[in-house]
1. Over the chain, what is the relative contact order in percent, taking alpha-carbon pairs closer than 8 angstrom and at least six residues apart?
2. Of GLY87, CYS15, PHE52, which is farthest towards the positive pole of the chain's charge dipole, taken about the Cα centre with +1 and -1 on the beta-carbons of Lys, Arg and Asp, Glu respectively?
3. Under 21 Å between alpha carbons: how many lysine pairs meet that in the chain, if sequence neighbours fewer than 8 apart on the same chain are excluded?
4. Stretched out fully, how many nm does the piece from GLU38 to ASP16 gain, at 0.36 nm a residue minus the Cα gap?
5. Near VAL72, within a Cβ-to-Cβ distance under 11 Å, what is the net charge of the other residues, with Lys and Arg +1 and Asp and Glu -1?
6. Using only DSSP helix segments of four residues or longer, with each worth -39500 (n - 2.57), what per-residue ellipticity at 222 nm results for the chain after dividing by its residue count and rounding to 500?
7. Accessible area per residue for the chain in Å², computed with a 1.4 Å probe and the full protein assembly in place, what is it?
8. Whenever you get a sec, compute what percent of the accessible area on the chain sits on carbon and sulfur atoms (1.4 Å probe).
Amino acid sequence: MPNHEENIISYIDNCDHTDNDKAIFIDLLLTLYIYCHEGFHNQLLKTLKQLFRTEIWENIDGHERNTLGKHVRHLVKLGGLPLTDTGEKNGRNHRLYIINK
């Protein structure tokens, strides 16, 4: 089983961001990883916004949300997050994910 935390940190460290941005994205992605393992979720399809608690999502500005979405897509492809991209989108054109058990 891959070490998701190490994959997340390694991936972000290799991205072209300032140290402050790297810290923000690492924190956000680790929060997402923890949520996926809390066990309080169901197998419904979820958008990225639904995967974060409301208060966290509201503190992410628009540009960071777009960048975060790109990071999530790449990490899902690399196996760095316990999510599956269904390839589907909702009515607002947001990608839908399923949390892996």
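The values are calculated or read from the model by the stated rules, or taken from the named source; none is laboratory data. Since we're looking at a predicted model, the values are computed, not measured. Cβ sites come from the backbone with ideal geometry, for glycine too, and all protein chains shown count toward neighbours. All accessible areas refer to the heavy atoms of the entire protein, side chains included, with ligands and DNA or RNA removed. Shrake-Rupley method; radii C 1.70, N 1.55, O 1.52, S 1.80 Å.
1. 32
2. Result: GLY87.
3. Total qualifying Lys-Lys pairs in the chain comes to 14.
4. Roughly 4.9 nm would be gained on extension.
5. Local charge sum for VAL72: +4.
6. The helix-only estimate for the chain comes to -16000 deg cm²/dmol at 222 nm.
7. On a per-residue basis, 63 Å².
8. Carbon plus sulfur share of accessible area: 48 percent.
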